Amino acid sequence: MEKQLIDDAFYVKQKKYGLWDSYDKDGKGIVTSLTEEECVRATRFMLKLKQENKLNEVGNTYSGTVDGKL
């Protein structure tokens, strides 16, 4: 199957268990979704945030602590 670029920026591919993954032109993964349509929509959203330099505003920060002796 030949890769078909969407918006000349990314492509999507159906993976194991029916999930859909999107990749940039270099093959780097972007998002995983349940449907092809949702994958395209979410990828466009992520690329727009990246283009506008707003990826850090999405809230991808996590922290955790472990109390007690292990």
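Entry remark, segment 1-26: residues being touching a strand residue (DSSP E or B) at 6+ places or on another chain (Cβ under 9 Å) and free of Cβ contacts under 8 Å to residues at least 24 places away in the same chain number 15 in total.
Of note, Gly27 satisfies the criterion of being part of a loop (DSSP other than H, G, I, E, B) and either surrounded by 10 or more Cβ atoms within 10 Å (Cβ to Cβ) or at pLDDT 90 or above (or both). For segment 1-24, the set of residues classified as part of a loop (DSSP other than H, G, I, E, B) and either in contact with a Pro (Cβ under 7 Å, 6 or more places away or on another chain) or closer than 19 Å to Leu55 by Cα (or both) consists of Ala9 only.
The values are calculated or read from the model by the stated rules, or taken from the named source; none is laboratory data. This structure is a prediction, so every number in the text was calculated from the model and none was measured. In this analysis, Cβ positions are derived from the backbone assuming ideal geometry, glycine residues included, and neighbour counts consider all displayed protein chains.
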